[in-house]
Each structure stands twice: as C-alpha cells, then as structure tokens.
1. Please verify whether residue 62 is open to solvent by 40 Å² or more (accessible area, probe 1.4 Å) and modelled with pLDDT of 95 or more, treating the condition exactly as stated.
2. Does residue 73 count as at pLDDT 95 or above and touching a Phe, Trp or Tyr at 6+ places or on another chain (Cβ under 7 Å)?
3. How many of the residues in segment 96-109 are open to solvent by 50 Å² or more (accessible area, probe 1.4 Å) and part of a helix (DSSP H, G or I)?
4. Determine which single condition residue 91 fails, assuming it passes every other condition in (1) surrounded by fewer than 16 Cβ atoms within 10 Å (Cβ to Cβ); (2) on the phi < 0 side of the Ramachandran plot.
Amino acid sequence: MLVFLCISLYTDCMKKLTLCMVFFAVLFLSCRTVKDIPDDLSAAQLIQLGQNAYGNAQYKNSEIYYHTVISRYGTDTSIYVEAKYELGHLYMKQKKYDKAYAAFKELLTLYESTQPGVLPGAFNKLSQIEMVKIPEKYLPTTKLAEIKPDIDDMQFESMQTDSVQ
C-alpha cells in the first residue's frame, strides 16, 4: 500500500512538474524580445516585422521595430509618417491613449504644415479616424470638437458662405 501511495504521489508530482515546465516554456517563448535588429533591413522590412509582431500580440517587439524605423529612416518624412502612424495604432490597441493621442496629434500637425501631396495622404485620414476613437476622458484639455469637427458646424459654415454670395 505504501508503495502504491508513493507511486501515485510521484506520478501526480511529475504531471504537475511537466505542466509547469510547459507553461513556463510557452510563457518564455511568447515574451521573447528583439535581441539584435540587423542593420541591413530596409524601412519596409522593419515595418513588416513590426506588423507581424503586432499580429502575434508581441506589442513590445512591434514598438521596438517602429522606433527602429524612426531612428534609422526618420529623416524621410514619408517613412517617418508611416512608422509614427503604426506606433499610434499600436498604442490604441494597448489602450495607451495618451501615447496614441500624442502620435496622431503630431501626424495631424505635420500634415497641416505640409503642402498637399508631399506626404502619403492615407495616414492623414487614418490618423483622423483613430483620433476620434480615443475616449474623451483620455484627451488632454483639448476639446473633442477641436479634433473632430461637427457636421452641423460644417453645414452652418457652408450656409454662411452661401448667404454671403
């Protein structure tokens, strides 16, 4: 009887130990971080790696890739805009609304100060769409109306200009 009890306890312990080892192996592999990013990767490759990491819920890796794009290729404004948008989108996914707001606000300000056609237009529109999704309580003292113009206000302005003519 004592032998049976010892074997039973040993088997239970081995099962638990095996489960713990599997759990920690999965945890370790899912928490991997980017060690060294090769210097010869293009901006497009780095952005793709960031998107892949994002898709696999490896948000820290994704953030590292996007920051690497900005540090290596950020002098090209088109690349900077794309990487900055991806960062903002990543922050939205993580509900880091203050960082998302800062990224999108920077992009929208950049678009306002740049002549049309110089920067890729898609990221301007995408930034506007994402900015509206930020819950109002997370916005800085800026009023929501400053971020998304009210359609009624735009119609009112249109009516005013029509009446002047």
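The values are calculated or read from the model by the stated rules, or taken from the named source; none is laboratory data. Note that the structure is a prediction, hence the values are computed from the model and not measured. With ideal geometry, Cβ positions are generated from the backbone for all residues, glycine too; neighbour counts draw on all protein chains shown. SASA here: full protein model, heavy atoms, side chains in, ligands and nucleic acids out. Shrake-Rupley method; radii C 1.70, N 1.55, O 1.52, S 1.80 Å.
1. Values: open to solvent by 40 Å² or more (accessible area, probe 1.4 Å): no; modelled with pLDDT of 95 or more: yes.
In short, no.
2. Values: at pLDDT 95 or above: yes; touching a Phe, Trp or Tyr at 6+ places or on another chain (Cβ under 7 Å): no.
Answer is no for this residue.
3. Residues meeting the conditions: 6.
4. (1)
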